[in-house]
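The structure appears below as structure tokens.
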Amino acid sequence: MASDTGFDVKRQYGFSTIAVICFVSLYLPVILLVVYSFNAGSSVAIWEGFSLQWYRSAWANDQVQDATIRSLVIAFWAALISTSVAVLAALATTRVRRFRGYSAVFAAINQPLMVPEIVTAVALLIFFAGIKVQTGYTGLGYLILAHSAFCIPFAYLPIRARLQGMDLTLEQAAADLYASSFQVFRRITLPQLWPGILAGAMLAFVISLDDVVITEFVKSAGQDTLPTYMLGQLRRVVTPEVNAISTVLLALSVTMVIAFFFVTRIRK
Amino acid sequence: MIEISEVSKAYGAGKARFMALNNVSVSVAQNEFFTLLGPSGCGKTTLLRVIAGFVDPTEGTVTMDGDNLLALPPHRRPVNTVFQNYALFPHLTVRQNIAFGLEMLGKPKTEITDTVEEMMALVQMEGMADRQTSQISGGQQQRVALARALAPKPKVLLLDEPLSALDFKLRKSMQIELKRLQTETGITFIFVTHDQEEALTMSDRIAVMHAGSIRQIGPPREIYDHPAERFVADFIGDTNFLPVKIVTAQGSEAQVELGSGNRVAARLNNAHNGGDVTTLAVRPEHARVVPEADGLMTGRLSNLVYFGTDTHYHVDLDDGIRFVVRVQNNTDMARVAAQGDRIGVTFPAGVGQVLRD
């Protein structure tokens with residue numbers, strides 16, 4: 001391909017230098033973070049030998065446990081809700097005749113990707129505050145709703161891509177063979193859409209798990225998620241415990257991303 | 001049985017308005033192998049999709065046994081389609097594909113099992129039931145697509161260029177196979193193709209389409225021997241077009257005057273009067289090369305093309321027209337002429353067809 005035209009970007013001056021700088025700046029901090037999570041001492045900058053003590057201490061820390069469970073619960077519900085909405089939105093934007101205002105709808109669905117997160121966070125804070133006063137409800141519902149909302153575009157994009165890549169004649173063939181619209185969806189579209197749905201849900205899950213800004217604004221007292229808990233810790237004293245928690249989160253995310261990669265590669 | 005009446009389909013509006021179908025009327029009989037033949041973009045697939053229910057016509061009616069088909073959504077129409085790309089469900093096995101229509105119709109389990117077996121036997125795919133559709137060859141996928149469409153025993157089977165993806169040998173054998181299936185099942189087939197040979201070998205009747213309308217409908221022999229107009233004559237088989245003047249016209253017989261001044265009897269299936277200047281179509285295999293003195297027309301043999309079964313004589317007639325004569329290569333045939341020779345061309349009375357203008 002590139003050799004056909006005689007142009008090969010790898011042979012340009014400075015290519016390897018730039019590549020190395022990019023990789024180092026991307027990965028060196030992460031590598032250091034992981035390394036110091038195994039530090040025997042209590043510094044995140046001075047190596048004092050190998051130990052798993054910070055993992056043990058994080059595991060035993062009630063607040064960490066609490067925040068982890070809360071994070072997982074929120075991420076689970078947010079992934080479920082946003083993926084369900086995303087499936088419907090994806091169907092409505094791929095399986096209909098192109099309509100007036102299609103682009104506006106598309107932009108509206110992907111709004112969380114464009115509006116600065118801090119704006120959404122402040123808006124939600126004010127909005128939910130009003131509801132809290134009216135209803136007196138202070139549970140996790142607010143966080144779940146907020147997370148569901150900003151996870152929608154992340155779930156929507158892979159599902160829509162999958163739907164667009166699907167052969168429409170399959171659905172026509174099913175309709176031709178006496179399947180009603182619902183049966184076509186249930187028997188033909190959905191089974192082929194699964195990889196997209198799974199990918200969307202996993203992405204939404206990871207995005208929710210990772211969120212700080214909106215969570216920080218929307219959470220009530222005692223509703224720390226893992227990221228906001230860690231942020232709180234960093235304000236006081238930094239121990240490798242934070243590194244240990246981060247490393248576990250990193251491992252979880254990497255696992256999800258790898259799974260995402262394999263799921264989206266499932267034969268169309 | 002299927003009555004298509006004054007169906008039009010327009011896409012776009014204003015200047016960009018495009019008539020995919022323009023006032024098409026045709027009726028297809030019970031148990032008929034009916035072919036829609038035409039070049040790509042002629043509207044044949046659109047017409048098929050109107051019958052299947054995937055395209056709503058702008059105007060016109062489609063009825064089946066008197067019932068208005070257009071009022072029904074695709075899944076309520078008693079027709080099934082074999083798609084050009086087969087559209088087999090990739091997540092289902094061969095058996096599940098064939099059973100799909102029957103399941104949707106809510107047939108009892110035992111009946112489904114029996115019908116699937118019957119269909120597998122009909123298309124000679126026994127023992128392949130549990131294969132994935134990706135594990136079988138193109139020809140086998142074709143058979144599964146056929147079995148799947150035939151399993152619900154539709155009144156009409158619609159086939160959208162089903163053989164176009166197969167290689168030559170397989171296409172030949174599937175042509176015979178399709179005709180056999182149609183005869184055995186007694187189902188009406190409406191077959192779409194751009195391949196004139198496919199149409200001629202399989203069909204009971206052919207509708208030749210061009211630019212959204214039907215130009216001629218008839219049995220293969222009639223379409224081939226008596227094309228109504230230049231497009232049909234040109235699209236199906238090879239044809240020589242000769243400018244002629246009508247001398248007399250009576251019923252389906254006409255006397256025409258050729259460019260050489262000689263007169264010959266020709267067939268007529270449309271209104272023409274004496275004195276009209278029009279076109280005569282003569283098939284290359286209906287003409288003969290003869291010594292110059294015996295020719296209806298004369299010219300110079302400009303080229304000889306050998307085709308194995310026959311030889312094409314390219315004759316440049318004296319009035320400037322290139323005329324092709326096809327001669328079968330019999331072993332006892334003496335060489336008639338050599339390139340550059342003066343030569344005569346003739347054809348019997350009644351084989352030429354006067355075309356509609």
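Here is how the numbers come out for the structure above:
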read-out	value
Qualifying residues in the stretch B:52-73 (those that are within 14 Å of chain A (Cβ to nearest Cβ) and surrounded by 21 or more Cβ atoms within 10 Å (Cβ to Cβ)) - the one farthest from residue A:190 (Cα to Cα)	B:69
Selection from the stretch B:139-170 of residues that are modelled with pLDDT under 85 and in contact with a Leu (Cβ under 9 Å, 6 or more places away or on another chain)	B:170
Tabulated pairs, the stretch A:207-233, first farther than 16 Å from residue A:117 by Cα and modelled with pLDDT of 90 or more, second surrounded by fewer than 22 Cβ atoms within 10 Å (Cβ to Cβ) and hydroxyl-bearing (Ser, Thr, Tyr), C-beta under 7 angstrom, 6+ apart or interchain	A:226/A:68
Count of residues meeting criterion [in contact (Cβ under 8 Å) with a residue 12 or more places away in the chain, facing chain B (nearest Cβ under 8 Å) and charged (D, E, K, R)] in the stretch A:168-194	1
Residue that is farthest from the other protein chains (Cβ to nearest Cβ) [pool: residues in the stretch A:225-268 that are more than 21 Å from residue A:215 (Cα to Cα) and part of a loop (DSSP other than H, G, I, E, B)]	A:237
Single residue of the stretch B:106-121 satisfying the filter (within 14 Å of chain A (Cβ to nearest Cβ) and of a type outside the set (Lys, Arg)) that is surrounded by the fewest Cβ atoms within 10 Å (Cβ to Cβ)	B:106
Test: residue B:124 is more than 12 Å from chain A (Cβ to nearest Cβ), modelled with pLDDT under 90 and under 26 Å from residue A:193 (Cβ atoms)	no
Criterion violated by residue B:193 - all others in (1) touching a helix residue (DSSP H, G or I) at 6+ places or on another chain (Cβ under 9 Å); (2) at positive phi satisfied	(2)
Residue satisfying condition, being in contact (Cβ under 8 Å) with a residue 12 or more places away in the chain and either in contact with a Leu (Cβ under 7 Å, 6 or more places away or on another chain) or more than 18 Å from residue B:337 (Cα to Cα) (or both), within set B:261, B:274, B:295	B:274
Filtered residues of the stretch A:144-167 (kept if within 14 Å of another protein chain (Cβ to nearest Cβ) and of a type in the set (Lys, Arg))	A:162
Strands (runs of 3 or more DSSP E) enclosed by the stretch B:218-294 - at least 2 residues per element that are of a type in the set (Val, Ile, Thr)	B:240-250, B:277-282, B:288-290
Selection count where residues are surrounded by 14 or more Cβ atoms within 10 Å (Cβ to Cβ) and over 27 Å from residue B:299 (Cβ atoms), scope the stretch B:254-271	1
Selection from the stretch A:154-189 of residues that are part of a loop (DSSP other than H, G, I, E, B) and surrounded by 20 or more Cβ atoms within 10 Å (Cβ to Cβ)	A:177, A:178, A:179
Those residues of the stretch A:147-181 which are of a type in the set (Gly, Ala, Ser) and either at pLDDT below 90 or more than 14 Å from the chain's Cα centre (by Cα) (or both), in sequence order	A:161, A:165, A:173, A:174, A:175, A:179, A:180, A:181
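The values are calculated or read from the model by the stated rules, or taken from the named source; none is laboratory data. What you are looking at is a predicted structure, and each value in this text was computed from that prediction instead of being measured. Ideal geometry is used to build each Cβ from the backbone, glycine not excepted, and the neighbour counts take in all protein chains shown.
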